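Contents: one structure, followed by commentary.
The values are calculated or read from the model by the stated rules, or taken from the named source; none is laboratory data. Values in this document were obtained by computation on a predicted structure and should not be read as measured data. Cβ atoms come from the backbone with ideal geometry, glycine included; neighbour counts cover every protein chain shown.
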Amino acid sequence: MTHALHVFERDVVFLRRIWKAVLLSAVVQPVMYLLGVGIGVGSLVDRGADSADLLGGVSYFAFYATALLATTPMFVGGQEALWPTLDGFMWSNSYRAMLATPISSRDVVIGQLFRYALRCVVTAAGVAVVLAIFDDTRSWGLGLAVLVGVLTGLAFAMPFAAWTATREGDSSFPAIIRFGIIPMFLFSGAFYPVSQLPDALEPVAWVTPLWHGVELCRGAVLGGLGGGMAALHVAVLLAYVVGGTAACMVTFERRLRT
Amino acid sequence: MVGAQDPVVARQLVKKFDDFVAVDQIDVHVAPGEAFGFLGPNGAGKTSTMRMIGCISPVSSGELRIFGLDPEADGRKIRARMGVVPQLDQLDNELTVMENLVIYGRYFDLSRRDARAKAAELLDFVQLTERADSKVEPLSGGQQRRVSIARSLINDPDLLLLDEPTTGLDPQARHVLWDRLYMLKERGATQIITTHFMDEAEQLCDRLVVMDAGKIVAEGSPQGLIAEHVRREVLEVRFGHGRNEEQVEKLDGIGGRIEALPDRLLIYADDGEAALSELHRREVVPESSLIRRSSLEDVFLKLTGRTLVE
């Protein structure tokens with residue numbers, strides 16, 4: 001474990017230099033969505049006769065804003081596991097340099113898990129601070145939602161990193177964002193309850209990690225989520241993190257020790 | 001004599017990638033304090049051998065012991081005593097020179113304070129103290145390689161692996177590097193060097209093996225190999241392209257052996273000057289001629305029929 005922490009330390013040194021840029025770019029986008037969709041679209045939605053029922057008795061702004069606590073770390077964690085991770089294998093070769101020391105490929109994987117988690121903490125906390133400004137979303141539950149955001153980010157980052165370790169170039173990455181991340185963002189209950197989806201599509205949302213993260217964040221901040229369901233959501237996210245990490249153990253070892 | 005704790009002992013060592021045999025049953029012994037070279041053209045199996053010794057590439061078959069330990073079981077322990085300078089620099093461009101060294105020291109479990117002190121000492125050794133707080137990216141190729149060398153020394157390694165340490169450097173940078181490596185050798189560090197530069201092997205190595213197509217084709221000291229395989233001097237003569245081969249029969253009896261290359265003839269002789277006089281006496285007059293000392297390049301040419309850098 002100490003070796004994994006040394007790997008993580010490298011990223012801390014690096015992030016210390018660029019954290020302002022990371023925070024800014026991570027928070028600016030959700031704030032724009034918040035103003036554009038949350039307030040703009042929200043003012044239309046809230047006029048609907050039974051919209052409050054469909055949204056679980058909250059304003060559209062609160063409904064949408066809480067989802068950003070999960071979607072933002074998804075974007076940040078997912079992207080960090082693509083280009084910056086491939087860099088360790090083939091541009092700067094920093095992972096290879098580590099393998100020439102007592103560091104093992106497993107230490108590298110756990111070190112990267114910490115690294116993705118740190119990015120997700122910084123960005124989820126940034127979003128939480130913004131949400132604390134608004135009456136509809138001000139809640140102690142924001143703290144818990146940050147943790148859920150980290151778990152959601154890792155549920156994407158770890159499987160992505162396992163994939164990245166098998167790549168010789170970045171040509172597949174834009175497609176992952178365009179056809180993986182973006183559709184999930186649109187269809188996983190961030191903008192509307194998944195019950196509004198056609199019946200055939202609803203189960204698709206259930207298996208995506210994002211839906212579980214969104215539901216948990218919403219429950220943490222706005223309430224209304226039963227303990228059983230909450231446990232189920234956490235279990236699904238954990239399964240993605242653990243499965244992704246196990247896959248990384250295999251693909252990192254295969255890539256770095258040949 | 002092979003000691004049980006010697007830096008490297010390999011017997012019948014093999015590395016296969018699917019059907020391709022990169023290293024084919026080689027025997028290697030490196031003694032403590034020795035500067036040992038792997039010499040050969042690209043694709044000879046030098047880097048594959050180095051990666052096995054560096055414990056980052058599993059052995060396909062045969063036996064390999066580093067300090068008497070098994071790389072598969074004790075890789076972490078072995079790597080803790082080793083310094084590696086890879087073929088391509090693997091520095092963190094985003095970080096400063098100092099940060100690169102300190103973070104690397106942390107990988108070896110040095111405390112931050114010890115890592116900083118050691119890093120400062122090493123930057124002084126490679127003459128880069130004034131660039132400590134510069135990022136790596138703007139440094140020249142030679143400076144970056146010196147950072148790599150300093151970084152590889154952060155754990156006071158008992159064994160230093162240098163994979164083509166001067167490839168891509170200008171002559172001046174090469175000499176600075178050679179000088180530092182020689183100082184390290186004087187301090188008693190065991191070094192293993194791969195190179196396809198003959199002059200580098202002659203400068204740096206006490207003993208070396210010549211590799212070709214995964215096999216060891218010769219072994220000895222640079223001087224010993226030259227003495228064993230070629231005469232002391234070489235007379236190089238040029239008759240113009242395509243007209244070299246036809247001169248060979250006129251040169252019968254001159255020197256020891258004659259090698260006909262497309263652009264020139266190499267005449268191996270103990271006395272190059274005498275051989276040239278004999279050429280003129282027979283009225284075989286080349287367009288140009290050059291007498292030089294034999295080198296490992298000539299040994300390689302004799303052993304494989306090919307020049308090293310093509």
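Here are the numbers for this structure:
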item: Any strands (runs of 3 or more DSSP E) falling wholly within segment B:135-222 and containing at least 2 residues that are over 19 Å from B:Gly43 (Cβ atoms); result: B:159-163, B:190-195, B:215-220
item: Top-ranked residue of segment A:49-76 - restricted to ones that are among the hydroxyl-bearing types (Ser, Thr, Tyr) and crowded, with 20+ Cβ neighbours inside 10 Å, ranked as farthest from the chain's Cα centre (by Cα); result: A:Ser59
item: Selection within segment B:279-296 - among the charged types (D, E, K, R) and touching a strand residue (DSSP E or B) at 6+ places or on another chain (Cβ under 9 Å); result: B:Glu287, B:Arg292, B:Arg293
item: Condition check for A:Arg255: within 14 Å of chain B (Cβ to nearest Cβ), part of a helix (DSSP H, G or I) and either touching a Leu at 6+ places or on another chain (Cβ under 9 Å) or not hydroxyl-bearing (Ser, Thr, Tyr) (or both); result: yes
item: Segments classed as helices (runs of 4 or more DSSP H), wholly inside segment B:3-121, with at least 2 members that are within 14 Å of another protein chain (Cβ to nearest Cβ) and within 30 Å of B:Arg131 (Cα to Cα); result: B:97-107
item: Residue match in segment A:145-160 (condition: modelled with pLDDT of 95 or more, within 26 Å of A:Val13 (Cβ to Cβ) and not in a helix (DSSP H, G or I)); result: no
item: Search result, residues across segment B:258-276 that are farther than 23 Å from B:Thr304 by Cβ and either surrounded by fewer than 13 Cβ atoms within 10 Å (Cβ to Cβ) or aliphatic (A, V, I, L, M) (or both); result: B:Asp270, B:Glu273, B:Ala274, B:Ala275, B:Leu276
item: Filter result (of a type in the set (Val, Ile, Thr) and modelled with pLDDT of 95 or more) within segment A:196-220; result: A:Val214
item: Any hit, segment B:228-244, residues being part of a helix (DSSP H, G or I), of a type outside the set (S, T, N, Q) and over 22 Å from B:His196 (Cα atoms); result: no
item: Total residues in segment B:258-276, condition farther than 14 Å from B:Glu236 by Cβ and under 28 Å from the mean Cα position of the chain (by Cα); result: 1
item: Flag if A:Phe185 is assigned to a helix (DSSP H, G or I) and within 15 Å of the chain's Cα centre (by Cα); result: yes
item: Test: B:Lys46 is surrounded by 17 or more Cβ atoms within 10 Å (Cβ to Cβ), within 26 Å of A:Arg106 (Cβ to Cβ) and either of a type outside the set (A, V, I, L, M) or within 20 Å of the chain's Cα centre (by Cα) (or both); result: no
item: Lone qualifier among B:Ala269, B:Ala275 - being of a type in the set (Gly, Ala, Ser), touching a Leu at 6+ places or on another chain (Cβ under 9 Å) and over 26 Å from B:Cys205 (Cα atoms); result: B:Ala275
item: Residue list for segment B:122-146, filter: surrounded by fewer than 21 Cβ atoms within 10 Å (Cβ to Cβ), away from every other protein chain (no Cβ under 14 Å) and either charged (D, E, K, R) or more than 29 Å from B:Gln172 (Cα to Cα) (or both); result: B:Asp124, B:Glu130, B:Arg131
item: Positions within segment A:1-57 being free of Cβ contacts under 8 Å to residues at least 24 places away in the same chain and either of a type in the set (Ser, Thr, Tyr) or within 14 Å of chain B (Cβ to nearest Cβ) (or both), in sequence order; result: A:Thr2, A:Glu9, A:Val13, A:Phe14, A:Arg16, A:Arg17, A:Ile18, A:Ala21, A:Ser25, A:Ser43, A:Ser51
item: Selection count where residues are under 29 Å from the mean Cα position of the chain (by Cα) and surrounded by fewer than 18 Cβ atoms within 10 Å (Cβ to Cβ), scope segment B:219-257; result: 10
item: Some residue of segment A:153-169 being more than 13 Å from the chain's Cα centre (by Cα) and farther than 23 Å from A:Phe114 by Cα; result: yes
item: Checking A:Val41 against (1) modelled with pLDDT of 95 or more; (2) out of contact with any helix residue (DSSP H, G or I) (no Cβ under 6 Å at 6 or more places or on another chain), the condition it does not meet; result: (1)
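For (1) under 30 Å from A:Val31 (Cα atoms); (2) touching an Asp or Glu at 6+ places or on another chain (Cβ under 9 Å); (3) away from chain B (no Cβ under 14 Å); (4) in contact (Cβ under 8 Å) with a residue 40 or more places away in the chain, each residue gets a yes or a no:
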| position | (1), (2), (3), (4) |
| --- | --- |
| A:Ala100 | no, no, no, no |
| A:Leu118 | yes, yes, yes, yes |
| A:Ile133 | yes, no, yes, no |
| A:Leu144 | yes, no, yes, yes |
| A:Trp163 | no, no, yes, yes |
